[in-house]
Amino acid sequence: MANSATYNGITPELYNNLKGKLSAAGIELEGNSGRVSKQGVTADYAYDEASQSLQINNVNVAFPASMMFSPDKIIQKINEAVRGAGGQVA
């Protein structure tokens, strides 16, 4: 079961685009690193502009989100968003 992922080719513009997409889903990424928590889903994130990489770590899914999602499913959704924006899954 995956609970972390690394993404490459994440330019500042792409990162801002991803932040906008996630914000529309109710997940706010503030700044370049931190922890998000929404309806039972938590994760740590760290964006490094110099290396153009994004790390998602410690994805955890608790109730009520666990009724529909697993950490693997959350990572898969993030993978799709990153690829759709032009980034690469490492």
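The values are calculated or read from the model by the stated rules, or taken from the named source; none is laboratory data. Just so it is clear, the structure is predicted and the values come from calculations on it, not from any experiment. Neighbour counts run over all protein chains shown; Cβ positions are idealised from the backbone, glycine included. What goes into the accessible areas is simple: the full protein's heavy atoms, side chains included, and nothing from ligands, DNA or RNA. Shrake-Rupley method; radii C 1.70, N 1.55, O 1.52, S 1.80 Å.
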(message) Defining a contact as two alpha carbons under 8 Å apart and six or more residues distant in sequence, what relative contact order in percent does the chain show?
(response) 39 percent
(message) Starting from the 7 Å offset along Cα-to-Cβ, what nm value, one decimal, do you get for the label separation of Thr42 and Ser70?
(response) 2.1 nm
(message) Restricting to DSSP H runs of at least four residues, report the calculated mean residue ellipticity at 222 nm for the chain, -39500 (n - 2.57) per run over all residues, nearest 500 deg cm²/dmol.
(response) -10000 deg cm²/dmol
(request) Taking only Cα atoms and a 10 Å spring cutoff, compute GNM fluctuations for the chain and point out the largest among Asn57, Asn16, Asn79. (result) Asn16
(request) Under 17 Å from a label point 7 Å along Cα→Cβ of Ser33: give me every residue in the stretch 59-83 with its amide N that close. (result) 59
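Provide the gained length on full extension for the span Ala81 to Ser51, in nm with one decimal, where the gain is 0.36 nm per separating residue minus the Cα-Cα distance.
Separation in residues times 0.36 nm, less the Cα-Cα distance, equals 8.8 nm.
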(message) Considering only protein heavy atoms and a probe of 1.4 Å, how much of the accessible area of the chain is carbon and sulfur, as a whole percent?
(response) 49 percent
(message) Taking 30 Å as R0, compute the FRET efficiency from the Cβ-Cβ separation of Phe63 and Ser23 and round it to 0.05.
(response) 0.80
(message) At 1.4 Å probe radius, can you tell me the per residue accessible area of the stretch 5-89 in Å²?
(response) 56 Å²
